[in-house]
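**Q** Just passing along the structure, written as structure tokens.
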Amino acid sequence: MDARLLEILVCPVCKGPLDFRKANQELVCKACKLAYPVRDDIPVMLEEEARQLSHEEAAG
Ligand SMILES: [Zn+2]
């Protein structure tokens, strides 16, 4: 995914920064413990599409 695109993306819920997890193709918000899917290099920045993270995943 484009690094510049990643820089401007924020969590739609808390407006905080996101971590790109390349292995999972997900954008992670540790504050909200949500992972937003990246489909075909397109980040899906929708809370209803996000996956709830476990404590372990959010910490990592
Ligand atoms: Zn957030």
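**Q** Which value, in debye to the nearest 20, gives the size of the charge dipole of the chain about its Cα centre, when Lys and Arg are +1 and Asp and Glu are -1 at the Cβ?
**A** Working: 8 positive and 11 negative charges, 33 e Å.
It works out to roughly 160 debye.
**Q** List the aspartates and glutamates whose Cα sits under 16 Å from the Cα of K33, skipping any in the same chain fewer than 8 residues away.
**A** Reachable aspartates and glutamates: D19, E47, E48, E49, E56, E57.
**Q** Which of N24, I42, A59 sits farthest toward the positive end of the charge dipole of the chain, with +1 on the Cβ of Lys and Arg and -1 on the Cβ of Asp and Glu?
**A** Among N24, I42, A59, the one farthest towards the positive end of the dipole of the chain is A59.
**Q** Report the equivalent ellipsoid semi-axes for the chain in whole Å, largest first, defined as the square roots of five times the eigenvalues of the gyration tensor built from alpha carbon atoms.
**A** Working: eigenvalues 52, 30, 25 Å².
Ellipsoid half-lengths, sorted descending, are 16, 12, 11 Å.
**Q** Please report the net charge: other residues with Cβ closer than 12 Å to the Cβ of A31, K and R +1, D and E -1. Please list the in-between numbers first.
**A** Details: positive: K15, K30, K33; negative: D19.
Once positives and negatives cancel, what remains is +2.
Each value in this text was obtained by applying a stated rule to the coordinates, not by laboratory testing. These figures come from a predicted structure and were not determined experimentally. Methodologically, a virtual Cβ is constructed for each residue, glycine included, from the backbone with ideal geometry; neighbour enumeration extends over all protein chains shown.
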